[in-house]
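Have a look at the structure below before the remarks.
The values are calculated or read from the model by the stated rules, or taken from the named source; none is laboratory data. What you see is a predicted model, and the numbers here were worked out from it, not measured in a lab. Here the Cβ positions follow ideal geometry from the backbone for every residue, glycine too, while neighbour counts run over all protein chains shown. Ligands, DNA and RNA are stripped out before the accessible areas are found, and what is left, the full protein with its side chains, is counted by its heavy atoms. Shrake-Rupley method; radii C 1.70, N 1.55, O 1.52, S 1.80 Å.
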Amino acid sequence: MNRETGAGAAPRLPALLEALLDVGSDLDLRTTLQHIVDTATDLAGARYGALGVIDPERGGVSELFTSGVDEEARERVGRLPDGSTGLIGHLVREPRPLLVPDMASDIRAAGLPPGHPVMKSFVGVPIRVRAEVFGNLYLTEKRGAAGASGFTTDDLALLRVLASQAGIAIGNARLYETVRRRERWIEGAAACTTALLAGESAEDALTTVAEQARILADASAGVVLQPTPEGGMEIVAASTHGDPADLIGTVIEPGSPVLEQLLGGEPVFIEDSASDERMTTRVRARFGPSMMLPLQSGGRLIGTLALPRRRGGPAYSAAERLLASQFASQAALALVMADSRHDRERLAVFEDRDRIARDLHDLVVQRLFATEMMLESTRRRASGAADLDQLLGAAVDELDSTVQEVRTTIFALQQPPADAPATFRGRVLRETAGAAALLGFQPSVRFTGAVDALIPQPAAQRLLAELRGALAAAHRRAGVTRVGVEIDAKATAADGRAAVRLTVTDDGPAEPGHPGTTFTWETPL
């Protein structure tokens, strides 16, 4: 610094030192950037100031923090400079200190939009964070008595010192922001995993993933897509600020370039969903930057997590893409674990049902059968007493009926609840179980003979139709509290041929048009 410069800068040294101490007092990055441009504007005596943040991936200015520009001036200017033209663009391309006494006579200052404030003098310095150019600090219009001659080399020297300290403050704030952002994504992924493993349904689990990701990525929507049988992908879960119903069911048709990448397990990053030719969905017009991340675990593609932002919103940075991709990997693993947990619970239920069935067969049925044999033996010995013989006969019949119903229950326990039964016995039990919801109680069912082996398919279809009709008739009758269904595959028709007989009885009172409480249907085999 020469003698002249030092003499001019000396009165402002206390202000500079105070600014250097104050500029790094906040760890919030956006607050720090605004504080830097405000401090530089005051320190240099400028009317207007700006700090442009350079996008390291795309070049140009991604954000512009201003000082001295009110809302009315912003509206007149319209869209802020993007760093492609003018002195701002020159500093982006050549990040070196720049002092321009008169912008009107400098060809590099061309490109100011209509409505922009009139500016004469200009000074700019780059802000470096370590070896990387983070952005540039711009000041225009020197105020006060010195305004006529513009900014001086003293101003430039002070700004270079301030920019150096600002680089350190920005580095600390950016590091803090990165740590905090990573912490939020980790906490969100942990909360998502906890929710998934808490036993949510498959639909709720996918919605949880979409909602957590939307909040963490600051996106307009979070959606989960899954492959369709036709080879496309369909939105099956969504989270938005409004109603997600119009997103659910949206399909990416087969043949889409985006779809080929997604089905191949590759992430897709889009600058503008509305204008990108690869996007073909009907909802793309409302969104801007987007990322579509595969949900896969162990080479298995579960679906895709899409996080679109509003139109005109900021593009996703490399750090955001990395964190979101890590979240998608962990969410996919949590979905697989939740699905496995659900399968284990179902298996435990099936095993428990099998154990109950074995216990009923090995203990209850055998003891009932032994009791029946004892009563039958007692009845033969007491055949001389008519009343006792009748009483014992009724007890034997009741035990036999109980044995049949327990065996029916054992069979029902051995049927997978979610599977449609393939056997005739299973279909009969399904019909009576469905009727139980209407009747308010479970009809008793008794099978005689090997119904699955003896009854052919045509006869089985007719019998099921008759059974449905008889159960519906019992439901329509008043006062019915018990219904019994008996299917005898060893019956004999009037002409002596083998037949199957369906008998449905209830305890309802006789009514006009319903002379009895027993329905019987029979067909030869």
Which of the numbered conditions does residue 141 fail, given that it passes all the others? Conditions: (1) closer than 30 Å to residue 97 by Cβ; (2) assigned to a helix (DSSP H, G or I); (3) of a type in the set (D, E, K, R). (2)
For the range 271-283, check the following and say yes or no: at least one residue is exposed (fewer than 15 other Cβ atoms within 10 Å of the Cβ), modelled with pLDDT under 85 and assigned to a helix (DSSP H, G or I). no
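I'd like the full set of residues that are under 25 Å from residue 208 (Cβ atoms) and either among the basic types (Lys, Arg) or not in a helix (DSSP H, G or I) (or both), limited to the range 144-197. So that I can check it myself, show each step before the final result.
Quick first cut of the range 144-197, residues under 25 Å from residue 208 (Cβ atoms) only: 180-197.
Result: 180, 181, 182, 184, 197.
For residue 268, state whether it is surrounded by fewer than 21 Cβ atoms within 10 Å (Cβ to Cβ) and not hydroxyl-bearing (Ser, Thr, Tyr).
yes
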Looking only at the range 436-453, and only at residues there that are in contact with a helix residue (DSSP H, G or I) (Cβ under 9 Å, 6 or more places away or on another chain) and modelled with pLDDT under 80, the one that is most open to solvent (accessible area, probe 1.4 Å): 438
Can you spot a residue in the range 45-52 that is at pLDDT below 70 and among the small types (Gly, Ala, Ser)? no
Residues to consider are 470, 465, 494, 499; find the one that is part of a strand (DSSP E or B), on the phi < 0 side of the Ramachandran plot and out of contact with any Cys (no Cβ under 7 Å at 6 or more places or on another chain). 499
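For residues that are touching a residue at least 24 places away in the same chain (Cβ under 8 Å) and open to solvent by 40 Å² or more (accessible area, probe 1.4 Å), tally how many sit in the range 454-471. It would help to see each step written out before you state the result.
In the first step, residues of the range 454-471 are kept if they are touching a residue at least 24 places away in the same chain (Cβ under 8 Å); the result is 454-456, 459-460, 462-464, 466-468, 470-471.
Filter once more, so that each one left must be open to solvent by 40 Å² or more (accessible area, probe 1.4 Å): 454, 456, 462, 466, 468.
Selection size over the range 454-471: 5.
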Matching residues, the range 473-491, being in a strand (DSSP E or B) and either aromatic (Phe, Trp, Tyr) or open to solvent by 70 Å² or more (accessible area, probe 1.4 Å) (or both): 490
